[in-house]
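The structure appears right after this line, and notes come after that.
Derivation of every value follows stated rules applied to the coordinates shown; laboratory data play no part. Not measured: the values here are computed from a predicted model. Neighbour counts are summed over all protein chains in view; Cβ atoms, including those assigned to glycine, are modelled from backbone coordinates with ideal geometry.
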Amino acid sequence: MTLFLNDLGLLCAAGSEKNEILRRLVAGDRSGLVKTERYSPGQEVFVGEVQGDLPKIEAKFAVYDCRNNRLLLAALNQIRPTVDAMIAKYGPERVGVVIGTSTSGVRNTELALAEVAAGRPKPNWFHYKQQQFAGGADFLAHLLELQGPAYAVSTACSSSGRAFASARRLLALGLCDAVIVGGADSLCRFTVTGFGALESVSAGHCKPFGQHRDGINLAEAAGLFVLSRDEGPVRLSGIGASSDAYHFSAPDPEGGSVIGAMEMALAEADMRPEQIDYINLHGTATPLNDAMESKAVDKVFGRQIAVSSTKGMTGHALGAAAALELGLCWLLLTSDDEQGLLLPNSSDDELDDSLPALNFVQAGQTLGRRINHCQSNSFAFGGNNISIIVSRT
């Protein structure tokens, strides 16, 4: 079964429009990471916020009104013509929704609880559906009047990557003819202070694979695709998934399960490692993750293939990270640049020379020809791993 990514809606700290995002990231622009104490009172940290106004949610959908769902609505608006065409072609009962998230609208819960803690009544605008993991999928399904399957996947930082595996299954089982698939996560105190308690938040800008890396910059993003059998500009070539359950929050230092996920994706795509043109690494800028991933990539791919972590420019969007970074691969594959624009490993730090010397992309570096195949990695707490290959058609 051959499946295609027919369209993409994307917004993140690097911009709210696809061309803007690509332009800024190719240039290594880190200005989307801003310093604030909004989510960590008394301590300023760098986060990746989506800037500008988000679309409003209609009053009749007020129970779903939260920043997370507004991010999803902004991404949906970018692909609405393609979505409407799929609904018209196949019918609302044949179009599904699968959304990956790790925060949903929990920020609304934080704000509501703060009112109650201050002795005021719970705000009338608050509804539990705003923080439910499936709230985003329900919102999109109700907004579009869909009758197909609609649900969420939440496996921490691999959530929106796992959503692709679920969406593909819906198509393979004949339950859907098209699926709106992707993810969204919005910034909140729960994640910023939680990762702070794990001592995983960087004191400054994050430094993927850098000599002085000390943690992540948390971020928000939304990415939505239309996945179907209808031919489109990008093909979903292979998905590899694994889970090692090595540790609650630390990766297996040998990366055996990660290697398995990358090799599974290659086998599904019927491709050799050297056929991949670019790998978007998980690259969180934490000491353990970067050490493990660089070792695993070196074992599977060697040191010739262009690689980078884009989290140094977008921040780590947690449950939306896989959709965001697969979206960045989609932008590279659909670019008409004949020299093969690549995304740099922007960190403002020298590379850690104790790690394998992979071919980390520098700002301005190109492939020298059009990019045909990209692979994107996302790893999560509990050793939940996903690796996805997408190709130009």
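Within the stretch 12-48, list the residues whose amide N lies under 16 Å from a label point set 7 Å along Cα→Cβ of LEU111.
38-40
Can you give the direction-averaged projected area of the convex hull of the alpha-carbon atoms in the chain, in nm²?
Values: hull surface 70.7 nm².
Answer in nm², one decimal: 17.7.
Loop-only check: which GluC sites (Glu not before Pro) in the stretch 318-393 are DSSP coil with at most 13 other Cβ within 10 angstrom? List each step's numbers first, then the result.
Numbers: sites: GLU325, GLU338, GLU350; in loops: GLU338, GLU350.
Passing both the DSSP loop test and the Cβ count: GLU338, GLU350.
Sum up the charges of everything whose Cβ sits under 14 Å from the Cβ of CYS176, counting Lys and Arg as +1 and Asp and Glu as -1, but leave CYS176 out.
Around CYS176, the charge tally is +2.
Would you order LYS89, LYS295, LYS129, LYS207 from fewest to most other beta-carbon atoms within 10 Å of each residue's own beta-carbon?
Starting with the residue having the fewest Cβ neighbours, the order is LYS89, LYS295, LYS129, LYS207.
Which is farthest toward the positive dipole end of the chain among ALA62, GLN132, LEU342, measuring Cα position about the Cα centre, with Cβ charges +1 (Lys, Arg) and -1 (Asp, Glu)?
The one lying farthest along the dipole's positive direction is ALA62.
Pull out the extension gain between ALA357 and ARG169, defined as 0.36 nm times the separation in residues minus the alpha carbon to alpha carbon distance; nm, one decimal. List each step's numbers first, then the result.
Details: separation 188, 0.36 × 188 = 67.68 nm, distance 3.72 nm.
Between ALA357 and ARG169, full extension yields an extra 64.0 nm.
Any idea how far apart LYS89 and GLN339 come out in nm if each label point goes 7 Å out from Cα toward Cβ?
A separation of 3.6 nm, rounded to one decimal place.
Ranked from highest to lowest mean number of other Cβ atoms within 10 Å per residue, what is the order of the peptides 302-309, 174-181? Could you put the intermediate results ahead of the total?
Values: 302-309: 20.6, 174-181: 22.8.
Ranked by mean Cβ neighbours within 10 Å, highest first: 174-181, 302-309.
If r is the Cβ-Cβ distance from ASP270 to ASN77 and R0 is 41 Å, what FRET efficiency results, to the nearest 0.05?
According to the calculation, E is roughly 0.70.
Using a Förster distance of 35 Å, how high is the FRET efficiency between ARG229 and LYS35, based on the Cβ-Cβ distance and rounded to 0.05?
It comes out at approximately 0.15.
Report the local net charge at ASP290: Lys and Arg +1, Asp and Glu -1, summed over other residues whose C-beta lies under 10 Å from its C-beta.
On the way: positive: LYS207, ARG213, LYS295; negative: GLU293, ASP352.
In short, +1.
Of the peptides 369-376, 80-87, 218-225, how do they stack up when ordered by the mean number of other Cβ atoms within 10 Å, highest first?
Working: 369-376: 21.4, 80-87: 17.1, 218-225: 31.1.
Ranked from most to least packed, the peptides come out as 218-225, 369-376, 80-87.
For the stretch 55-71, in order, what is each residue's ³J(HN,Hα) by Karplus, 6.51 cos²θ - 1.76 cosθ + 1.60 with θ = phi - 60°, in whole Hz (x at glycine and Pro)?
x, 7, 9, 4, 4, 5, 10, 4, 5, 9, 6, 8, 4, 4, 6, 5, 4
What list of ³J(HN,Hα) couplings, whole Hz, do you get for the stretch 145-151 from phi and the Karplus terms 6.51, -1.76, 1.60, once you set θ to phi - 60° and write x for glycine and proline?
Per-residue couplings from phi come out as 6, 8, 10, x, x, 9, 7 Hz.
Relative to the Cα centre, what is the charge dipole magnitude of the chain, using +1 at the beta carbon of each Lys and Arg, -1 at the beta carbon of each Asp and Glu, and rounding to the nearest 20 debye? Write out the running numbers ahead of the final one.
Details: 33 positive and 43 negative charges, 162 e Å.
Dipole size: approximately 780 debye.
Give, in nm to one decimal, the length gained when the segment between HIS212 and ARG369 is fully stretched (0.36 nm per residue of separation minus the Cα-Cα distance).
Working: separation 157, 0.36 × 157 = 56.52 nm, distance 3.35 nm.
Length gained between HIS212 and ARG369: 53.2 nm.
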